[in-house]
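Worksheet for the structure shown next.
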Amino acid sequence: MSFESEQKIFEISNVKIGGQPGELPTVLIGSIFYDRHKIVSDHMEGVFDTKKAEELINRQEEMSDKTGNPHMVDIVASTGIAIKKYIKFVSGITEAPFLIDSTATDVKLDGLKYAAETGLLDRAIYNSITFHVSDQEITELKNTGAKSAILLGYNPRNVKPQGRIDLLKGDENKKGLIQYAEEAGIKNMLVDTAVLDVPSIGIAAEAVKLVKQEFGLPCGGGPLNAVLEWKRVTELGENAKKVCAAAAVTAMIHAGANWVLYGPIYNSDVVFPAVAMVDSTIAYTKSRMRVINIQTKNHPLYKIF
């Protein structure tokens with residue numbers, strides 16, 4: 001698969017993301033400090049097991065080095081106090097970009113302000129600008145000087161693939177998420193096509209194709225959490241959850257996704273090998289057909305074979 005429209009490539013800190021399928025390795029993003037993460041003993045104060053957290057981040061980085069798939073860290077927090085502690089810790093362990101993630105907008109903005117104050121803004125990605133965006137949120141994003149953000153394409157008014165396009169574009173009655181992001185000064189827009197459950201992975205994958213064709217923006221999503229919430233998967237066998245997790249991620253990549261938020265960071269051992277193999281097959285085929293030029297020597301095709 002290739003897209004007729006120009007495909008944008010952004011560089012966030014040391015990571016390039018976007019382009020035609022096969023040009024660049026898929027960027028893989030593991031989540032840490034999320035709700036119910038056992039390494040966190042106090043989510044309100046941001047108290048956690050630093051040794052285990054460092055081991056998880058280092059393991060993701062090791063898998064990235066082995067495969068050539070760039071990595072980012074999705075930092076999830078419940079409070080402003082916690083997000084600042086988490087950002088300080090993660091930025092000291094790895095040079096990779098990180099997502100500032102929370103269900104609460106004020107927590108995300110606190111994290112973004114902290115990143116600006118500590119000189120980390122180039123590495124920070126706001127996760128995310130959503131259907132519930134407000135003018136105040138956009139003003140605060142602009143005031144912090146935010147450069148990168150995820151646009152969450154979940155449209156409750158239309159959950160079909162076209163609904164993601166409508167939400168991003170907007171209409172005469174309401175601005176789209178892209179316009180909101182532009183007003184906030186966001187230069188690097190990453191679109192999340194919103195996986196809700198396992199059956200909706202197909203809808204999110206189809207939306208990837210539409211978004212990339214329409215806007216040329218780096219696109220992806222988080223399919224693995226849906227598999228982790230799938231209770232009956234264990235009835236299919238003791239390894240079914242791991243196998244289906246890898247399949248869910250690669251389904252998005254075959255649709256053209258440039259990045260994948262793969263859920264809990266401990267899944268790096270499962271996700272990176274599967275993605276590296278798929279990336280290699282896509283890049284090899286496209287380059288042999290002279291459809292693309294692979295943009296980096298640090299590519300799974302050259303690293304794992």
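Under the condition of being of a type in the set (S, T, N, Q) and at pLDDT 95 or above, which residue from the stretch 159-180 is farthest from residue 201 (Cα to Cα)? Break it down into steps so the answer makes sense when it comes.
Here is the first cut: in the stretch 159-180, the residues of a type in the set (S, T, N, Q) are 162, 173, 179.
Keeping just the survivors that are at pLDDT 95 or above gives 162, 179.
Working: 162: 15, 179: 26 Å.
Restricting to residues being of a type in the set (S, T, N, Q) and at pLDDT 95 or above, the top hit is 179.
The condition of being touching a residue at least 12 places away in the same chain (Cβ under 8 Å) and either surrounded by 20 or more Cβ atoms within 10 Å (Cβ to Cβ) or assigned to a helix (DSSP H, G or I) (or both) holds for residue 60. Condition test on residue 115, is it in contact (Cβ under 8 Å) with a residue 24 or more places away in the chain, of a type in the set (A, V, I, L, M, F, W, C) and touching a Leu at 6+ places or on another chain (Cβ under 6 Å)? Answer is yes for this residue.
Residues are listed down the side, and each one gets a yes or a no for (1) under 16 Å from the mean Cα position of the chain (by Cα); (2) surrounded by 22 or more Cβ atoms within 10 Å (Cβ to Cβ):
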site	(1), (2)
6	no, no
15	yes, no
27	yes, yes
32	yes, yes
50	no, no
55	no, no
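A Cβ distance below 8 Å, combined with a sequence gap of six or more or placement on separate chains, defines the contacts here; from the stretch 275-297, residues that are closer than 18 Å to residue 67 by Cβ reach residues that are hydrophobic (A, V, I, L, M, F, W, C) and surrounded by fewer than 14 Cβ atoms within 10 Å (Cβ to Cβ) in the pairs 280/305. Within the stretch 120-148, no residue that is on the phi > 0 side of the Ramachandran plot sits with its Cβ atom under 7 Å from a residue that is buried (at least 21 other Cβ atoms within 10 Å of the Cβ) at 6+ positions apart or across chains.
Here are some residues: 236, 217, 168. Which one is more than 21 Å from residue 148 (Cα to Cα) and hydrophobic (A, V, I, L, M, F, W, C)? Let's see the steps before the verdict.
Details: 217 fails: more than 21 Å from residue 148 (Cα to Cα); 168 fails: more than 21 Å from residue 148 (Cα to Cα).
Selected residue: 236, the only one of 236, 217, 168 that is more than 21 Å from residue 148 (Cα to Cα) and hydrophobic (A, V, I, L, M, F, W, C).
The values are calculated or read from the model by the stated rules, or taken from the named source; none is laboratory data. What you see is a predicted model; the values in this text were computed from it and never measured. For neighbour counting, all protein chains shown are included, and Cβ atoms are generated from backbone atoms with ideal geometry for every residue, glycine included.
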